[in-house]
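The values are calculated or read from the model by the stated rules, or taken from the named source; none is laboratory data. Given the structure is predicted, the values throughout are model-derived calculations rather than measurements. All Cβ positions, glycine included, derive from the backbone under ideal geometry; neighbour counts span all protein chains shown. These area figures cover heavy atoms from the full protein model, side chains too; ligands, DNA and RNA do not enter into them. Shrake-Rupley method; radii C 1.70, N 1.55, O 1.52, S 1.80 Å.
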Amino acid sequence: MAPSALPNFSSSFLFPLKTQKSFKPPKPLTITCSSQEPKKPSKNPQRPTSRNRKRTRYGTSRRSILKKTFTQEQVKFTAGISADPHKGIIGGGMAGLLCALSLEKRGVKSTVFDTGMHGLGGRMGTRVIDPQQFIFDHAAQFFTVSDSRLSKLVDYWLEKGLVREWQGLVGQLELGGRFVPIPPSPPRFIGVNGMRPLADSLLSETSMVNVVRPCWISKLEPFNGMWHLSENGKPRGEFDAIVIAHNGKCANRLLASSGLPLIARQMKRLDLSSIWALLAAFEHPLPMGDGKVTFQGAFVKGVDSVSWMANNSLKLLGSQSNGPHCWTFFSTAAYGKQNKVPQENIPSQTVEKVKTSMLEGVEAALGLPKGSLPRPIYSRVQLWGAALPTNTPGIPCIFDPHGRAGICGDWLLGSNLESAALSGMALANHIADYLQSDGACPEEFAVGLEKEFEAIEGHDIGQFALAGVESSLKQHNEMSAFQLAT
């Protein structure tokens, strides 16, 4: 049995990472790591009042996060790296998982911290509803591979039975019910039992990767040459280096007072769109204006509230599916922005509004008379508040050698599952090389700390996929832009 779900690659598996210009650390470079232990939270913390709140160093508002981000001093580790380095990875999506697997291949152990209640994967989400056995991929829908280096890894997943090619009919659905198939080249891949089971399987054979979930790392603290991670005051371990493999407001809060201003600044530059997901089960196949729906997935064009729809039952179960039809619908980014609310506590009236509006959008896309779409026997809405990036630095990873911290994620290269995988592997190999150098000449390992961001055209799930539809339909062999984001 192979030691992990990652085949052997050399350290040059991904292109070498070098900056175009020399790294220039800021003047307030060093925070002295004192010999005192990090302060532990009081067992009876004082509740904030209007009087003592003014003395709080920073709040949690966007303005205070920005203030902390741009005024904090830079941590500078000067002690040598331990003989048996241990890396902390915050985020268990594709980027974090591939980072951990790649580190193991380089002989570096790691611990992955993930907030997932039901499993790993981040936006590789699959939801199963019991006892009806409804199944939904409610985030990443499929992925394609254009990079020959990642192709080797996918071949291994195919051999192990973790993924398979999605051969169902996929195309573009225009308002009114006009469907245009998309050529199935390059192949579209899906997890055999959904995207989340694929994520959970990736670490099934590892020996140097530990997983802690659900866990929400809330503080990073440098002390005596190590990073001390904690969750709401509970110690979660000490690490020689850390990786931030997630993004959004939670990552910004975590980095705001970490002592990593260069990393925090780059993370703050990232803009993310919001996307609503509607999971709906129908007793019978959906109708269309000219008959019944025969496609399994469609990028929707011309509908304000819907950009993608997929039949999970047929996609994941195929001919074995003889029960209800479970559909995933995604909104447009514009609709997500117009109807954005705190995703941790979505008001019930918003839930009903979004569900009604998206079902009406589905009805219009299929060319059905108003009010004729069958009523779902099950439905659920979810807001992905940090769904897709609208800008990117266009680099595989970011690494601060002085703070021994890095960032990986799909948004660094674009916005898809392949980008996430390549980013995680690139950062792992870069850090492994840095660890082998024992931290000597750290400036040579600085990557992406000053890289400017560029806008991504078409950051909406449907629009992103449709960016190359016209040329693909003409050439019949191009589909690299059609994959959904992770």
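Side notes on the structure shown:
- Ligands, DNA and RNA aside, D290 has an accessible area near 130 Å² when probed at 1.4 Å.
- For the pair R213 and N232, label points projected 7 Å from Cα toward Cβ lie 1.9 nm apart.
- 3J(HN,Hα) from dihedral phi, region 271-277, Karplus parametrisation 6.51/-1.76/1.60, rounded to Hz, x for glycine, proline: 10, 10, 8, 10, 9, 8, 10
- Filtered trypsin sites (Lys or Arg not before Pro), region 360-420: DSSP coil and at most 15 other beta carbons within 10 Å: K370
- Long-range amide H partners of N391 with built H, under 5 Å: D271, I456
- Loop-located GluC sites (Glu not before Pro) across region 164-214 with a Cβ neighbour count of 16 or fewer within 10 Å are E205, with loop assigned by DSSP.
- Modelled label positions at E443 and D155, each set 7 Å beyond Cα in the direction of Cβ, lie 4.2 nm from each other.
- Whichever aspartates and glutamates have a C-alpha closer than 16 Å to that of K268, once near sequence neighbours (fewer than 8 apart) are set aside: D400, D410, E450, E452, E454
- Region 381-420 and region 142-171 have Cα centres separated by 21 Å.
- Fraction of accessible area attributable to carbon and sulfur, region 67-196 (%, probe 1.4 Å): 50
- For V163, distant residues with modelled amide H under 5 Å away: L158, V192
- Part-to-part distance (alpha-carbon centres) for region 322-341 and region 245-260, which is given in Å: 28
- Extension gain for Q133 to Y378 (0.36 nm times residue separation, less C-alpha to C-alpha distance): 87.1 nm.
- Entries in K160/K451; K234/K451; K301/K451; K292/K355 that, when Cα-Cα distance is taken, lie over 27 Å: K160/K451; K234/K451; K301/K451
- Residues whose amide H lies under 5 Å from that of S218, counting only those 5 or more places away or on a different chain, are S230, E231, N232; hydrogens are built 1.01 Å from N in the peptide plane.
- Computed over all pairs of different Cα atoms, the Kirkwood value for the hydrodynamic radius of region 313-426 is 17.6 Å.
- Whole-number accessible area per residue in Å² for region 207-258, which is evaluated in the context of all protein chains at 1.4 Å: 43
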